[in-house]
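Asker: Following this message is one structure expressed as structure tokens.
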Amino acid sequence: MHNKSITDLAKGLRSGEFSSVELTQAFLNRIKQHSSLNCYITVTEDLALQEAKAADDRIAKGDATLLTGIPIAQKDIFCTQGVKTTCGSKILDNFIAPYNATVVEKFNQAGSVMLGKLNMDEFAMGSSNETSYYGAVRNPWDHNAIPGGSSGGSAAAVAAGLAVCATGTDTGGSIRQPASHCGITGLKPTYGRVSRYGMIAYASSLDQGGPMARSAEDAAIMLQVMAGFDERDSTSVDLPVPDYRAGLSNPIEGLKIGLPKEFFGAGLNSDVAAVIEAAVNEYRKLGAHIKEVSMPNLKLAIPAYYVIASAECSANLSRFDGVRYGYRCANPEDLTDLYTRSRGEGFGKEVKRRILMGTYALSAGYYDAYYIKAQKVRRLISDDFKKALSEVDVIMGPVAPSAAFGIGEKIGNPIEMYLSDIYTIAINLAGLPAMSMPAGVVGGKPVGLQIIGNYFAEHRLLNIAHQYQQVTDWHQQSPKGFE
Amino acid sequence: MEWEAVIGLEIHTQLATKSKIFSGASTAYGAEPNTQACAVDLGLPGVLPVLNEEAVRMAVLFGLAIEAEVAPYSVFARKNYFYPDLPKGYQISQFELPIVGLGHLDIDVDGVKKRVGVTRAHLEEDAGKSLHEDFHGLTGIDLNRAGTPLLEIVSEPDMRSAKEAVAYMRKLHELVRYLGICDGNMQEGSFRCDANVSVRPKGQQAFGTRAEIKNINSFRFVEKAINYEIERQIDLIESGGEVVQETRLYDADKDQTRSMRSKEEANDYRYFPDPDLLPVVVDEAFKAQVKATMPELPDAKKQRFKDQYGLDDESTAILTSSRPLADYFEAVVKESACEARICANWVTGDLSAALNRSGLEITDSPVSHERLAGLLARISDNTISGKIAKQVFEEMWQGTASADEIIEAKGLKQITDTGAIEAIIDKIIANNPEQVEQYRSGKDKVFGFFVGQVMKEMQGKANPGEVNKMLKDKLK
């Protein structure tokens, strides 16, 4: 049951083959059975069973959506009313959110069942899920490998069948890279497509929530619920939401695919390159035309990203000060002591590193050299994409330079860790939608293909991914022991 | 050496919006602590600000009123600093691109007119309050005020004396209340002033080093604080010292300023554009829409009151000191058909005195303009005399009856029946032969005695004009 698609499960629920309570219980059992993967920070068992019961009633009344009664899980970055919301940090270990994020509210309205809150890098800062206060998540394909990050708990849970699908967020690759490393389908929507209200901010101009699922079709069903204007988020965009599922079957003959030569340079593992080439070949067979494009400013993406994201996070994380909620140090002597120890003890190393970088970049005398320059680079990168996307329909390439690396392998070397996001970060700077879907296996670990589209072309990306998934079965493969 | 002071003011006006600048919580003053702070005001994880359009409208209205350039494109920025009553650890403000650019305000000091430049005005959110009393050595935080919209109005360093500074501040205070964008309540902190003060030898072009005096909350204190600071700086320099750039606090009890923090201790606020908010775009259509709601401004109203009603400077100044008072006066003139000067005397005289005694604003006056007009109409049609009117007014102040009802009930109607008056006059002439003799022998002053006697006999209700005329005839 844990490997079925949303539509199959919805059919089963409607036909009475199984109830949502049974389905939910089955997932709760699996979560317990595979707790060593450390996917969940909080399992909301009682709440899930209550929601499942309500979903069964709703299905009985004939008032169900495709997601009614489907057990899903939320990345622990989304505020969930009455449920602990930690963002992977000690500083929020005691924080019970008093309100629901818009995304959570929308899933509740659709009638889905929340199994719990998923592990993640602390404040979504990390590419390996190792910065979580709650410990590293293990990759179900290789328990000694990282699942990717920051939505590592989400990716691992979906891959291991510990949730039908899950939410993720992507600031520099945090949906796509773990999706690639865990062999699932993940989509980072256009900036502004999904409301950020109630999604704890890391870098506000880059953060975007999106679906992580077993297939493009499941991702389309999720995005249908998540997308749309929210008056509580000024940066959400007031554009109609297309019917994502309806467009999945459109033929893609004549599709123009661009391959940026900068995506296939020296840093790319040759086996991964071979997987991408094979996937592109599959598209050629489906009638696509391939063209080389260029992103001359791509190499500037990582430094620009770390200036902008760090600058924004240095302000976003100021509210965690031990005054109103969250962790407060014991027996503070005075205000300064309260601040320095609450934050010093509450934040992990990577978070502190980025706050310091951002504070430095915004300081008097450095602002122009760092922040302003990074914004200029950001524009150049956007222009590169704009130009390329005027020549082709979509851009394809790798998600990450290699398959999942080992736990502990890069955590001591932040620069090397940052470089592993080279193919994903530029897309966030440009605000474009992009997805990752399984396209092969290297050394027993899955590798994803990245598809980048024009603004608000999520329907096109899902269509293109779905067509590939009709003629291949990479997305149907499960890690050993989780079949 | 002769010294010259250079003064610039930064004035924080709380905008009179119903809800906060970035949330839907109420801005009403005086609620129980932390009952008017929603998730956004508390700075909970994940919340986002959404700009209140009304605050933008008010800022634009102000910009148009001071003939400033209203920015077609302005940007909110984060001003970063830690303080317990600043929930997010940053204040959302405007920095490089404020909504209102260079404008001006004309002041008048001792009959000398002067134009003071307004550098800029920008929108920002207020912080909460730290409460240091009643918490046994701890500090309480009240976030009701957090997120209240402020318009910070920054002047050019154009003022040269404390008097000019106060004149500017008063002018601004009058203007924002005229525009209806601020209630001007200084006790509640709706209108707060920081003063930048420096001195230089008269004739020198370059500015001296300035000190900023923070949070002065009355006109009187602004004047005293600036005067103290000017003296302090001159004394310091003349005794061989040097003014340091710093922030100072005015202590009203001791009437002096003292150092709060030096420039070196000043925060680096690390301003950068707030990525949660889009740039504010004000197009011509919006500006025109706002302009259409522009009320008559104080200077124009003063001129009109002089021209239209023939009022003197003093009455004009009082009547136009607030829009509700000016409106009240004009309503009384219109409804009473009474001479404007008499209406002005009543509004600035008896009515204002009664309001002052009761500590009421014109908007809370127990005697509405309709009722006062009803009274003045009876003066103008000779139903009652001015003297009786004062008596009627006191009755009106205490109750709800109209002037006509009181006049009727108390029988205060002026007697214009010449027969009745004549009879009384005859009686009084007959009873006071001595005084008649005195009058006839040229002692004009005695005339007043007869008027008084007649009025007394008639309980003040006789028409004074009629009494005078008839007395003169009879005493010939």
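The values are calculated or read from the model by the stated rules, or taken from the named source; none is laboratory data. Computed from a predicted model, the values in this text were never measured in an experiment. Methodologically, a virtual Cβ is constructed for each residue, glycine included, from the backbone with ideal geometry; neighbour enumeration extends over all protein chains shown.
Asker: Please verify whether B:K334 is farther than 27 Å from B:Q391 by Cα and either in contact (Cβ under 8 Å) with a residue 40 or more places away in the chain or among the charged types (D, E, K, R) (or both), treating the condition exactly as stated.
Answerer: Spelling it out, it is not the case that B:K334 is farther than 27 Å from B:Q391 by Cα and either in contact (Cβ under 8 Å) with a residue 40 or more places away in the chain or among the charged types (D, E, K, R) (or both).
Asker: Filter region B:47-67 down to the residues that are surrounded by fewer than 22 Cβ atoms within 10 Å (Cβ to Cβ) and in a loop (DSSP other than H, G, I, E, B), then identify the one that is farthest from the other protein chains (Cβ to nearest Cβ).
Answerer: Only one residue tops the list, namely B:E67.
Asker: While we're here: Restricting to region B:260-298, name every residue that is part of a strand (DSSP E or B) and exposed (fewer than 12 other Cβ atoms within 10 Å of the Cβ).
Answerer: Within region B:260-298, B:S262, B:V281 qualify.
Asker: Any residue that is buried (at least 17 other Cβ atoms within 10 Å of the Cβ), modelled with pLDDT of 95 or more, part of a strand (DSSP E or B) and aliphatic (A, V, I, L, M) - is there at least one of those in region B:72-81?
Answerer: Yes, the conditions are met somewhere in region B:72-81.
Asker: Looking at (1) surrounded by fewer than 22 Cβ atoms within 10 Å (Cβ to Cβ); (2) within 13 Å of another protein chain (Cβ to nearest Cβ), which is the one condition that is false for A:K386?
Answerer: Just one mismatch for A:K386, condition (2).
Asker: Hey, which of the helices (runs of 4 or more DSSP H) in region A:216-332, taking only ones fully inside, have at least 1 residues that are within 27 Å of A:A73 (Cβ to Cβ)?
Answerer: A:216-226, A:301-316
Asker: Any residue in region A:244-266 that's closer than 17 Å to A:A457 by Cα: show its pairings with residues that are assigned to a helix (DSSP H, G or I) and β-branched (V, I, T) at Cβ separation under 6 Å, as long as the two are six or more apart or on different chains.
Answerer: A:I252/A:I464
Asker: Separate question: Hey, among B:R341, B:R378, which residue is surrounded by fewer than 20 Cβ atoms within 10 Å (Cβ to Cβ), at pLDDT below 95, basic (K, R) and not in a loop (DSSP other than H, G, I, E, B)?
Answerer: B:R341
Asker: Can you name every residue in region B:27-40 that is within 30 Å of the chain's Cα centre (by Cα) and buried (at least 17 other Cβ atoms within 10 Å of the Cβ)?
Answerer: Selection gives B:T27, B:Q36, B:A37.
Asker: For region B:154-188, which positions are more than 18 Å from B:A317 (Cα to Cα), of a type outside the set (D, E, K, R) and buried (at least 21 other Cβ atoms within 10 Å of the Cβ)?
Answerer: Within region B:154-188, B:S155, B:M159, B:A162, B:A165, B:I181, B:C182 qualify.
Asker: Further, regarding this structure: Checking A:A55 against (1) over 20 Å from the mean Cα position of the chain (by Cα); (2) within 14 Å of chain B (Cβ to nearest Cβ); (3) buried (at least 24 other Cβ atoms within 10 Å of the Cβ); (4) not polar (S, T, N, Q): exactly one of these is not met. Which one?
Answerer: Just one mismatch for A:A55, condition (2).
Asker: Just give me the residues in region B:35-48 being in contact with a strand residue (DSSP E or B) (Cβ under 6 Å, 6 or more places away or on another chain) and touching a residue at least 24 places away in the same chain (Cβ under 8 Å), in sequence order.
Answerer: Listed by number, the list holds a single entry, B:Q36.
Asker: Being among the β-branched types (V, I, T) and either within 28 Å of the chain's Cα centre (by Cα) or not in a helix (DSSP H, G or I) (or both) is true for just one of B:I429, B:I384. Which residue is that?
Answerer: B:I384
Asker: Now for a different question. Suppose we filter region A:296-335 for residues that are touching a residue at least 40 places away in the same chain (Cβ under 8 Å), of a type in the set (A, V, I, L, M) and within 12 Å of chain B (Cβ to nearest Cβ); how many remain?
Answerer: Within region A:296-335, residues that are touching a residue at least 40 places away in the same chain (Cβ under 8 Å), of a type in the set (A, V, I, L, M) and within 12 Å of chain B (Cβ to nearest Cβ) number 6.
Asker: From the list B:A146, B:A167, which residue is assigned to a helix (DSSP H, G or I) and in the same structural domain as B:E69 (by TED's automatic domain parsing)?
Answerer: Residue meeting the stated conditions: B:A167.
Yes/no per residue for (1) over 26 Å from A:A201 (Cα atoms); (2) free of Cβ contacts under 8 Å to residues at least 12 places away in the same chain; (3) within 12 Å of another protein chain (Cβ to nearest Cβ):
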site	(1), (2), (3)
B:P72	yes, no, no
B:D85	no, no, yes
B:I99	yes, no, no
B:V112	yes, yes, no
B:D126	no, no, no
B:A146	no, no, yes
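Asker: Assuming A:S35 fulfils every condition listed in (1) in contact with a helix residue (DSSP H, G or I) (Cβ under 9 Å, 6 or more places away or on another chain); (2) surrounded by fewer than 24 Cβ atoms within 10 Å (Cβ to Cβ) apart from one, which condition is it?
Answerer: The number of the failed condition is (1).
Asker: Quick one: which of B:I99, B:I11 is of a type in the set (V, I, T) and within 23 Å of the chain's Cα centre (by Cα)?
Answerer: Result of the check over B:I99, B:I11: B:I11.
Asker: For region A:62-85, which positions are facing another protein chain (nearest Cβ under 10 Å) and of a type in the set (S, T, N, Q)?
Answerer: A:T85
Asker: So which pairs qualify, if the first residue must be in region B:263-289 and over 30 Å from A:Q208 (Cα atoms), the second must be part of a strand (DSSP E or B), the Cβ gap must be under 7 Å, and the two must be at least 6 apart or on different chains?
Answerer: Once the first residue is over 30 Å from A:Q208 (Cα atoms) and sits in region B:263-289, its partners that are part of a strand (DSSP E or B) give B:K263/B:E246; B:K287/B:V70.
Asker: Looking at (1) in a loop (DSSP other than H, G, I, E, B); (2) out of contact with any His (no Cβ under 7 Å at 6 or more places or on another chain), which is the one condition that is false for A:G210?
Answerer: (1)
Asker: Can you name the residue in region B:268-324 that is of a type in the set (D, E, K, R) and within 14 Å of chain A (Cβ to nearest Cβ) and is also farthest from B:I99 (Cα to Cα) among such residues?
Answerer: Checking each candidate, the answer is B:D268.
Asker: Just wondering, is there one or more residues in region A:359-373 that are surrounded by 15 or more Cβ atoms within 10 Å (Cβ to Cβ), over 19 Å from A:A304 (Cβ atoms) and within 11 Å of another protein chain (Cβ to nearest Cβ)?
Answerer: no
Asker: Could you list, ordered by first residue, the pairs with Cβ atoms under 6 Å in which the first is in region B:430-456 and surrounded by 12 or more Cβ atoms within 10 Å (Cβ to Cβ) and the second is of a type in the set (F, W, Y), at least 6 apart or interchain?
Answerer: B:Q435/B:F449; B:V446/B:Y439
Asker: Among the residues in region A:96-108, are any in a strand (DSSP E or B) and buried (at least 22 other Cβ atoms within 10 Å of the Cβ)?
Answerer: No, region A:96-108 contains no residue that is in a strand (DSSP E or B) and buried (at least 22 other Cβ atoms within 10 Å of the Cβ).
Asker: Just one of (1) of a type in the set (V, I, T); (2) more than 14 Å from chain A (Cβ to nearest Cβ); (3) more than 30 Å from A:T80 (Cα to Cα) trips up B:T27, so point out which.
Answerer: (3)
Asker: Kindly establish whether B:A206 is closer than 26 Å to B:F22 by Cα and exposed (fewer than 14 other Cβ atoms within 10 Å of the Cβ).
Answerer: Against the criterion (closer than 26 Å to B:F22 by Cα and exposed (fewer than 14 other Cβ atoms within 10 Å of the Cβ)), B:A206 does not qualify.
Asker: Restricting attention to region A:185-234, which residues are away from every other protein chain (no Cβ under 14 Å) and touching a Phe, Trp or Tyr at 6+ places or on another chain (Cβ under 7 Å)?
Answerer: Once the filter is applied, which keeps residues that are away from every other protein chain (no Cβ under 14 Å) and touching a Phe, Trp or Tyr at 6+ places or on another chain (Cβ under 7 Å), region A:185-234 yields A:T190, A:R193, A:A220, A:L223, A:Q224, A:V225.
Asker: Also, I was wondering about something else. I'd like to know if region A:421-438 contains one or more residues that are under 21 Å from the mean Cα position of the chain (by Cα) and more than 17 Å from A:G173 (Cα to Cα).
Answerer: no
Asker: Yes or no: A:Y339 surrounded by 18 or more Cβ atoms within 10 Å (Cβ to Cβ) and within 14 Å of chain B (Cβ to nearest Cβ)?
Answerer: yes
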